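Below: the structure, in structure tokens.
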Amino acid sequence: MVEIIKGLQDVIALETHISYIDGENGILRYRGIDINDLVNLPYDSVSYLLLKGSLPDVTELATFSKKLKDERVINENLIQAIRTCNFNIEAMDALRTVVSHMSHCDPDLNDNSHDANIRKSTKLISRFPTIVASFSRIKNGYEPLMPDTNLSHGANFLYMLNGEKPEKTVTEIMEKDFILIAEHELNASTFSTRITASTLSDLYSAIISGLGTLKGPLHGGARMAVMNMLDEVDSSDDAEQYVMDLIENHQKIMGFGHRVYKTYDPRSNIYKGLAKKLAEEKSDTTLYEIAERIENTVIRELVEKRNKPIYPNADFYSGVIYKYLGLHPKLATSVFAIGRVSGWIAHCLEQYSDNKLIRPRARSV
Ligand code: COA
């Protein structure tokens, strides 16, 4: 009898060159480079690193960035597809639908050669922000904006969303958010993209699998849940009681706990510093103080008193940041996807390059 490991917890399913996590010591590296160093680069550099295996030199970065910028525009068919959405849905649901539409008009759709997959990758990475921003603008009664090729990936997204060029700190934080969530080894959505790629289905289908998996509240959907949770707490004094009530009722605190990290998630520490910076710049620290009180209460009650490794994960302080940035909670998971798509693509390329159909067994009972 083979032992069945529920949720495939700690099962090593494949080898990867793309990232490394040490969950006991809170270490994360993409292609051998620590996340604390990567976070200071432009998103385009990190995206290049994930896709191609090493950081670009100045010329390689300029060429790569230009290709991404040139592909940002979405055509009228895609805008029409967005207009037909039910606007009560999350932007994530619209993104999934529009990526599917995008695939219909791509002549490379069923070409799984490396060159065709790189062409598709450029379109996917470039257009995710355009799709999400266009959905948000149409939903709010505005016309979608043309992308601005003078702006970075993060700045252009915020510009297309809000109609004005973002300030320096806000731009930096958006870029850093995309970098911090760009890649995370064999998380559920990345695994699902690799499963789809392993059937030799096309890259768009693999990415759509990832989008569907990321949406769940135990995964990327936690970011929206954190934002909704923060809306329920009025002050840092209320925060403590709010957490105590959740624990008393055996409910999970969203944005806490992780399958792999048994200590602080290194991304969470970076997000916390960025949230503090934003709060101080906006001279409005109430939300940050509420979040810190939630964290302190969880650490005291679950880590210190009950000896459970429930630390803030990447979705907790990023949820705080999204609130300071004025993002609607229903945008949150799609903004996560804008960053993560580079990691998904890197994994699909790795899967295609040395493929074996992923097909485990179930015990019939
Ligand atoms: N709040 C309170 N308790 C939590 C918790 C949380 N956020 N996360 C885990 N726990 C507790 C569980 O209740 C369980 O306790 P028990 O052993 O007494 O029953 C224990 O920790 C193990 O939790 P489990 O859900 O089985 O661990 P997992 O490895 O399957 O799940 C997550 C990992 C991320 C799904 C889980 O921590 C979670 O649901 N977190 C909240 C959602 C979230 O933030 N997701 C984003 C992940 S990056």
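Structural remarks
- Computed over the alpha carbons of the range 222-324, Rg followed by Dmax gives 12.6, 37 Å.
- Per the Cα gyration tensor, the range 105-145 maps to an equivalent ellipsoid with semi-axes of 29, 9, 6 Å, ordered largest to smallest.
- Rg and Dmax of the range 274-324, Cα atoms only, in Å: 12.1, 37
- Length released on extending from Met146 to Leu8, taking residue separation times 0.36 nm less the Cα-Cα span: 45.3 nm
- About its Cα centre, the range 224-365 has a charge dipole of approximately 1100 debye under the convention of +1 per Lys or Arg Cβ and -1 per Asp or Glu Cβ, with nothing else charged.
- Leading residue at positive end of dipole, the chain (Cβ point charges), from Asn269, Ser235, Pro329: Pro329
- Violating pairs (Cα-Cα greater than 23 angstrom) within the set Lys69/Lys282; Lys69/Lys272; Lys165/Lys323; Lys168/Lys272: Lys69/Lys282; Lys69/Lys272
- Each Lys or Arg adds one and each Asp or Glu subtracts one; over the other residues with Cβ under 13 Å from the Cβ of Tyr288, this totals 0.
- Given in Å, the Rg to one decimal and the Dmax to the nearest whole number for the Cα atoms of the range 206-258 are 13.6, 45.
- Each residue of the chain gets 156 Å³ once the volume of the Cα convex hull is shared out per residue.
- Note on the chain: helix-only mean residue ellipticity at 222 nm, from DSSP H runs of 4+ residues weighted -39500 (n - 2.57) and normalised by residue number, equals -18000 deg cm²/dmol.
- A P(r) calculated from all alpha carbon pairs of the range 1-103, with 5 Å bins opening at zero, reads 2, 9, 14, 11, 12, 14, 16, 13, 7, 2, 1, 0 percent.
- FRET efficiency, Lys165 to Asn296 (Cβ-Cβ, R0 41 Å, nearest 0.05): 0.65
- In the range 171-255, the GluC sites (Glu not before Pro) that fall in loop regions by DSSP, at most 11 other Cβ within 10 Å: Glu232
- Net charge of neighbours whose Cβ lies under 12 Å from the Cβ of Pro217, counting Lys and Arg as +1 and Asp and Glu as -1: +1
- Residue exposure proxy: Arg300, Arg223, ordered by other Cβ atoms within 10 angstrom of their Cβ from fewest to most, comes out as Arg300, Arg223.
- The distance linking the range 58-117 with the range 313-365 is 17 Å (Cα centroid to Cα centroid, whole angstrom).
- Computed lengthening from Glu248 to Thr263, 0.36 nm per intervening residue step minus Cα-Cα distance: 3.1 nm
Throughout, read-outs are computed from the coordinates displayed, never taken from laboratory work. Predicted, not measured: the structure shown is a model, and the values here were computed from it. Note that each Cβ is placed from the backbone with ideal geometry, even for glycine, and that neighbours are counted across all protein chains shown.
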